[in-house]
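Trainee: First, the structure itself, so that you have it in front of you.
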Amino acid sequence: MSISLKRVRAICVKDYKEFSRNYAISIILVFPIFFAVLFRSVGASLPAASGFLYNISFVLLTCFAQACLIAEEKERNTLRSLMMTPATTMDVLIGKSTLVFVMSVVVLAIATYIFGYEPASIWAFVTTIILSIVLYIAAGTICGLYSKTLLEASLSILPVAFVFTGAPGGALLVNDYPVFKVLDYMPSSQLIHLLEIPHTGFAARDLLKPLLITLAWTVVLSIVSVALYQRRLKDE
């Protein structure tokens, strides 16, 4: 499937203008930085606090912003018009994801610097964060496609917040309830494991497991988001 950089750029610029005018949504850029300052000021434990910082930021910033951008198009009845343009599915999805991706990378980089977290392996950490951003963008796209208004988009991310952000806490109950073992394979839980890897004495497999599981989730949710968009295109 061909991708037009000109169309991608046009969609991204359009989203930037709309996002910058909506102060109620753009305020979410502050939350990750606020949490970073808060956790640092109270001297929170690095692995536990950083895990919560990243996982909640993925939901409140990445997933929520993407869901709102998609839902806003539907609320204004402009998504149908966008689908009818020569822009391909990948043009639209990449164009509407670029702004959220850039915002997430910049804000999380600032939050990481403020919080002072230093990963055991910088390449594994950066790769996992990038994969997680793409993953939550896909989740936000799915939520947005199932929402008709911005209000519905705000509510649609609650299952994502409950399942993904709550998974690490549920995984702690595996000793009493073995069924919760499945929560350990959630990307949010794997991110916690990656952040808890010590700076010395770790093996390559300790890094590869979180990376591969996060990659698998990213691929699956990305495929689902593309399939749902194409189904929406046919329905229209």
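Trainee: Within the set of pairs 6 or more residues apart or between chains, which connect a residue that is part of a helix (DSSP H, G or I) inside the stretch 68-80 to a residue that is buried (at least 24 other Cβ atoms within 10 Å of the Cβ) and among the charged types (D, E, K, R) with Cβ atoms less than 7 Å apart?
Mentor: LEU69/LYS96; ILE70/LYS96
Trainee: Residue check, ALA87 against (1) in a helix (DSSP H, G or I); (2) touching a residue at least 40 places away in the same chain (Cβ under 8 Å); (3) open to solvent by less than 70 Å² (accessible area, probe 1.4 Å), all met but one. Which one?
Mentor: Condition not satisfied by ALA87: (1).
Trainee: Could you tell me which residue of the stretch 106-138 is modelled with the lowest pLDDT, considering only residues that are of a type in the set (Ser, Thr, Tyr) and outside any helix (DSSP H, G or I)? Working first, answer last.
Mentor: Taking the stretch 106-138 first, the residues of a type in the set (Ser, Thr, Tyr) are 112-113, 117, 121, 127-128, 132, 136.
Add one more test, that the residue is outside any helix (DSSP H, G or I), and what stays is 117, 121.
Numbers: TYR117: 81, SER121: 84.
Residue satisfying both the conditions and the ranking: TYR117.
Trainee: I'm told THR149 meets every condition in (1) more than 30 Å from TYR229 (Cα to Cα); (2) touching an Asp or Glu at 6+ places or on another chain (Cβ under 7 Å) except one. Can you identify the failing condition by its number?
Mentor: Result: THR149 fails condition (1) only.
Trainee: Could I ask something else about it? Among the residues of the stretch 23-33, is any at negative phi, among the small types (Gly, Ala, Ser) and touching a residue at least 12 places away in the same chain (Cβ under 8 Å)? Spell out the reasoning first.
Mentor: Taking the stretch 23-33 as the starting set, the residues that turn out to be at negative phi are 23-33.
Filter once more, so that each one left must be among the small types (Gly, Ala, Ser): 24, 26.
Cutting the leftovers down to touching a residue at least 12 places away in the same chain (Cβ under 8 Å) gives us none.
No - not one qualifying residue is present in the stretch 23-33.
Trainee: Looking at the stretch 97-105, is at least one residue under 30 Å from PRO119 (Cβ atoms), surrounded by fewer than 16 Cβ atoms within 10 Å (Cβ to Cβ) and at pLDDT 90 or above? Outline the logic, then answer.
Mentor: Residues of the stretch 97-105 that are under 30 Å from PRO119 (Cβ atoms), as a first pass: 97-105.
Now narrow it down to the ones that are surrounded by fewer than 16 Cβ atoms within 10 Å (Cβ to Cβ): 102, 105.
Those still in the list that are at pLDDT 90 or above too: 102, 105.
Yes; the residues of the stretch 97-105 include at least one that is under 30 Å from PRO119 (Cβ atoms), surrounded by fewer than 16 Cβ atoms within 10 Å (Cβ to Cβ) and at pLDDT 90 or above.
The values are calculated or read from the model by the stated rules, or taken from the named source; none is laboratory data. All values derive from a computational prediction rather than experimental measurement. We place every Cβ from the backbone using ideal geometry, glycine too, and count neighbours over all the protein chains shown. Each accessible area value is taken on the protein alone, full model and side chains, heavy atoms only, with ligands, DNA and RNA left out. Shrake-Rupley method; radii C 1.70, N 1.55, O 1.52, S 1.80 Å.
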